[in-house]
1. For segment 86-135, name all the residues that are over 22 Å from the mean Cα position of the chain (by Cα) and polar (S, T, N, Q).
2. Is it the case that His244 is modelled with pLDDT under 90 and surrounded by 14 or more Cβ atoms within 10 Å (Cβ to Cβ)?
3. Looking for whichever is part of a strand (DSSP E or B) and either open to solvent by less than 30 Å² (accessible area, probe 1.4 Å) or of a type in the set (Phe, Trp, Tyr) (or both) here; the options are Leu222, Leu236. Which one fits?
4. From the list Thr56, Thr43, which one is of a type in the set (Val, Ile, Thr), modelled with pLDDT under 85 and open to solvent by 40 Å² or more (accessible area, probe 1.4 Å)?
5. In segment 193-219, what residues are hydrophobic (A, V, I, L, M, F, W, C), open to solvent by 50 Å² or more (accessible area, probe 1.4 Å) and outside any loop (DSSP other than H, G, I, E, B)?
6. Find the residue count for segment 155-169, including only residues that are exposed (fewer than 15 other Cβ atoms within 10 Å of the Cβ) and in a loop (DSSP other than H, G, I, E, B).
7. Where residues in segment 123-136 are in a strand (DSSP E or B) and closer than 15 Å to Gln231 by Cβ, which of them is most open to solvent (accessible area, probe 1.4 Å)?
8. Across segment 218-238, what is the total count of residues that are within 11 Å of the chain's Cα centre (by Cα) and among the hydrophobic types (A, V, I, L, M, F, W, C)?
Amino acid sequence: MIAKLPIHSSLFSKHLPLIGRMATVALCLSLSTLHSLSANTITIQSPSGGTTVTATNDNLVVNVVYASGGGGYQTPKWSYRIGTHFPGYGSAPGGTQIIGNTVVNDFLNGESFGMRMVSVALLDQNGNLHNPPATATIHVNYQSSGGGHQSGGGDSIVITSPGNGSNADQNTDLTVTVNYSSGGGGYQTPNWAYLIDSGFPGYGSPHGGTQITGNLVVNDFLSGQANGMRQINVALLDHNGNLHNPPIVRTVSVNYQSGGGNYQSGGGNYQSGGGGFAYTGPYQGMTGNFKIDTRNALFDDFIE
């Protein structure tokens, strides 16, 4: 058996360049597929999250981008919901379906006053939820045109940083502002929770997030998350640690990139050579050729 080992090693070394090329091609195809999928987006242009909306300005405006399917113009097809999230792919989207338009006038007509969650989802050309789902969510304070009504007695939570749509890394801190105006006035210990990439349930259910008591800042809160677009949800809690009644939540989305890496999801762009990887093998420095540099990075340590 020992005498045969050099033969097997020689055969493996002989075919190693072919294995490297195959792996490089597979990696390129995977990145190409990811680019195609991630570039299909829907964003809420108006109203802005956390703003007050009345019957005179409750118009929902979205921006829809289909990057797959051969390019060119495609009829926008999407759906919106008030107060609930969309289900996972494969389920009926529900909500109000909109075809060929990106504006819905008076979309909150008939809703009760107070904090309202607005969710939108991109649909494919068959009217099904996009695969993978492309959604966006905001919360607005819906009030009568004459003002005066406020839900929750003026209690509030606001995400101070990071900003919606901003870039974040493993050192980014989550900062909120909390206000309790009920309960006799005076200072009250802030009590809130946050979730990443999932929404809070309705009142009466456990909040399920990371609970923060007596502090308004969470350091390095995205450390360990996967790179790409991350949705951050915060919710105000009462002093028993339960979701506020009615729920008071805020949501922002950030582009998380750890440690200076080059991959950016959500925009569909892959950037190489921008820092975060340096080739240190015995063959050559970074060539600027994606295939060559990727092959070297994957197989150099094994060859050595």
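The values are calculated or read from the model by the stated rules, or taken from the named source; none is laboratory data. These figures come from a predicted structure and were not determined experimentally. Quick reminder, even Gly has a Cβ in these numbers, built from the backbone with ideal geometry, and neighbours come from all protein chains shown. In case anyone asks, the SASA skips ligands and DNA or RNA and just uses the protein heavy atoms, side chains included. Shrake-Rupley method; radii C 1.70, N 1.55, O 1.52, S 1.80 Å.
1. Thr96, Gln97, Asn101, Asn105, Asn109, Ser112, Gln125, Asn126
2. Against the criterion (modelled with pLDDT under 90 and surrounded by 14 or more Cβ atoms within 10 Å (Cβ to Cβ)), His244 qualifies.
3. Details: Leu222 fails: part of a strand (DSSP E or B).
From the options Leu222, Leu236, the qualifying one is Leu236.
4. Numbers: Thr43 fails: modelled with pLDDT under 85.
Within the list Thr56, Thr43, the selection yields Thr56.
5. Val217, the sole residue that qualifies.
6. Final tally of qualifying residues: 3.
7. The selected residue is Thr135.
8. Our first condition is that a residue be within 11 Å of the chain's Cα centre (by Cα); within segment 218-238, this holds for 226-233.
Now restrict to residues that are among the hydrophobic types (A, V, I, L, M, F, W, C): 226, 229, 232.
Counting residues in segment 218-238 that are within 11 Å of the chain's Cα centre (by Cα) and among the hydrophobic types (A, V, I, L, M, F, W, C) gives 3.
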